[in-house]
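Everything below concerns the one structure shown next.
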Amino acid sequence: MRKLYLSISMSLDGFACGPEGELDWIMVDDPELSELMAEQLRGIDAMIFGHTAYRELAGYWMDGPTEKPVDREHTRLMNSIMKLVLSRSEPELHWTPAQRIGADLHAEITELKAQQGKDIAVFAGAETARALASYVDEYRLLVYPLRLGAGRPVFTERPERLELLGSREFAASGVVQLRYRPVR
């Protein structure tokens with residue numbers, strides 16, 4: 001059975017972005033953090049986005065960065081991995097391979113997790129993360145060393161007990177990855 005994990009960047013005070021959707025604070029020069037992203041991409045064969053994140057990321061990754069070898073790898077992987085777009089409408093899916101999900105989310109996620117293959121990652125904003133919380137097998141939180149004070153919170157729903165699986169520090173940026181598994 002495939003694992004579905006949520007990988008999301010967040011401020012120390014729990015926001016996925018600033019009040020106006022600002023994400024400039026996640027752009028840090030940290031080779032180890034870049035390698036973590038490459039490791040995660042190598043370990044999946046599908047990723048889930050909300051339709052807004054899909055549209056914004058398509059604009060960046062379709063002609064993504066190619067300056068460094070790790071940039072080229074990120075761009076190649078982001079463009080080749082299946083993108084599952086969570087949407088109630090029928091968005092235009094020009095960044096391929098891609099397909100829409102969300103008509104019957106429970107059945108679709110259950111089927112995806114039962115298929116053979118690598119893990120499935122949710123690389124999304126706070127709303128998509130909350131919509132998929134009950135299906136998440138692992139949380140991979142990248143906590144950045146700043147307080148935004150306001151913005152879109154990552155978690156707002158009911159409490160959920162978690163078990164710590166591990167942590168990893170990225171000295172160049174001060175980012176810490178925390179990995180948790182829901183206790184169900």
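If you place +1 on the Cβ of every Lys and Arg, -1 on the Cβ of every Asp and Glu, and leave all else neutral, what size is the dipole of the chain about its Cα centre, to the nearest 20 Debye?
Magnitude of the dipole: close to 600 debye.
From the helices alone, meaning DSSP H stretches of at least four residues, give me the mean residue ellipticity at 222 nm for the chain, per-run term -39500 (n - 2.57), in deg cm²/dmol to the nearest 500.
It lands at -8000 deg cm²/dmol.
Check Val175: other-chain or 5+ apart residues with amide H under 5 Å from its amide H, H built from backbone geometry?
Excluding prolines and chain starts, which carry no amide H, the hits are Phe170.
Which value in nm describes the separation of the simple spin-label points at Arg42 and Asp137, placed 7 Å from the Cα toward the beta carbon?
For Arg42 paired with Asp137, the spin-label model returns 2.0 nm.
Would you mind calculating the gained length between Glu127 and Thr52 on full extension (0.36 nm times residue separation, minus the Cα-Cα distance), in nm to one decimal?
Full-extension gain reported as 26.0 nm.
Of the residues Ala107, Ala121, Ala58, which exhibits the maximal mean-square fluctuation in a Gaussian network model of the chain defined by a 10 Å Cα contact cut-off?
Looking only at Ala107, Ala121, Ala58, the biggest GNM fluctuation is shown by Ala107.
Once both labels are modelled 7 Å past Cα along the beta-carbon direction, what's the Val70-Trp25 spacing in nm?
Distance between the two pseudo-spin positions: 2.2 nm.
Any idea what % of Cα-Cα pairs in the stretch 56-115 are farther than 15 Å?
57
Summarise the accessible area of the stretch 17-154 (1.4 Å probe, protein heavy atoms) by the percent that is carbon and sulfur.
51
Please grab the % of Cα pairs in the chain that end up more than 30 Å from each other.
Tail fraction, whole percent: 14.
Mind checking the per residue accessible area of the chain for me, 1.4 Å probe, whole number of Å²? The partial results should precede the final answer.
On the way: 9950 Å² over 184 residues.
That works out to 54 Å² for each residue.
May I ask what percent, to the nearest 5, of DSSP beta bridges between residues of the stretch 41-184 are antiparallel?
Values: 13 of 26 bridges.
Once the DSSP bridges in the stretch 41-184 are tallied, antiparallel ones form about 50 percent.
Can you give the extra length, in nm with one decimal, that the chain gains between Glu32 and Arg184 once fully stretched, where that is 0.36 nm per residue apart less the Cα-Cα distance?
Contour length minus Cα-Cα distance gives 51.5 nm.
Amide H of Arg100 versus every other amide H placed in the peptide plane: which residues, excluding those fewer than 5 positions away on the same chain, fall under 5 Å?
The answer is Val85.
Ordered by packing density, taken as the mean number of other Cβ atoms within 10 Å over each peptide's residues, highest first, how do 175-181, 88-94, 114-120 rank? Mind showing how you got there, number by number?
Working: 175-181: 17.3, 88-94: 11.4, 114-120: 13.3.
So the peptides 175-181, 88-94, 114-120, ranked by packing, come out 175-181, 114-120, 88-94.
Residue by residue through the stretch 2-16, which ³J(HN,Hα) values in whole Hz follow from phi under the Karplus form 6.51 cos²θ - 1.76 cosθ + 1.60 (θ = phi - 60°), with glycine and proline marked x?
6, 9, 9, 10, 9, 10, 9, 8, 8, 6, 4, 8, x, 9, 7
The values are calculated or read from the model by the stated rules, or taken from the named source; none is laboratory data. None of these values were measured; they are calculated from a predicted model. A quick note on method: Cβ atoms are made from the backbone with ideal geometry, for glycine too, and the neighbour counts reach across all protein chains shown. Just the protein is used for accessible areas: all its heavy atoms, side chains included, with ligands, DNA and RNA removed. Shrake-Rupley method; radii C 1.70, N 1.55, O 1.52, S 1.80 Å.
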